Amino acid sequence: MTYTTNNTTKEALNEFHRFDADTKLAILWYGYLDLKDQLNPDPGFSVTAPATALYDQIAAQPQEQQLQAQRDIVSGNNSAFTQAYNALASSARIEVWLLLAQGMEEGKVIQVSSDYQLPEATNSFVNRIKQLDFEERINFTRSAVVDMGTAKQEGQRV
């Protein structure tokens, strides 16, 4: 299921899928930091309960395993975390990433290193995303995270 509504957003999503797992995680983190003050999630208990259960499982792991769980989900690698993610409804998948980002801010989940620099190959991608309006950026993010957890997509590097 995707939420993309225009060619610019679809092209950005296709480009995003070609990045490696760590780059995708960093892009999601920086995107969250850029949009967090404008977000007003209110998904309801049927979404938050299963999302929180998966988040709690990931957050309970040592930091390296937290990172590996996220990498597995992003890459579609077969793991218990990916299987749990795949069992979630699309709204709960979005909620998992929001909870992970909030957990990173709170220091409960490993976050992108403060000295991390996105690869130069992402510059045009990042500039394209920054040109999207708020709703288009949200649609892009929804589409990206809903597609995660599935088998590796064509052209995707790991």
TODO: Could you tell me which label, among [x] 1.04; [y] 0.96; [z] 1.25, carries the value of Cα Rg over 2.2 N^0.38 Å calculated for this structure?
DONE: [y]
- [ ] Quick one: go through region 5-29 and flag any residue whose amide nitrogen is under 17 Å from the point 7 Å out along the Cα-to-Cβ line of Gln117.
- [x] 23, 26-27
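Roughly how many Å² is the accessible area per residue of the chain, as a whole number, for a 1.4 Å probe?
Details: 8330 Å² over 158 residues.
About 53 Å² of surface per residue is accessible.
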TODO: Return a single number: how many Lys pairs in the chain, at a sequence separation of 8 or more or on separate chains, have alpha-carbon atoms below 17 angstrom apart.
DONE: 5
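The values are calculated or read from the model by the stated rules, or taken from the named source; none is laboratory data. Everything numeric here is computed off the predicted structure, so don't read it as measured data. Every residue, glycine among them, receives a Cβ derived from its backbone with ideal geometry; neighbour counts consider all protein chains shown. All accessible areas refer to the heavy atoms of the entire protein, side chains included, with ligands and DNA or RNA removed. Shrake-Rupley method; radii C 1.70, N 1.55, O 1.52, S 1.80 Å.
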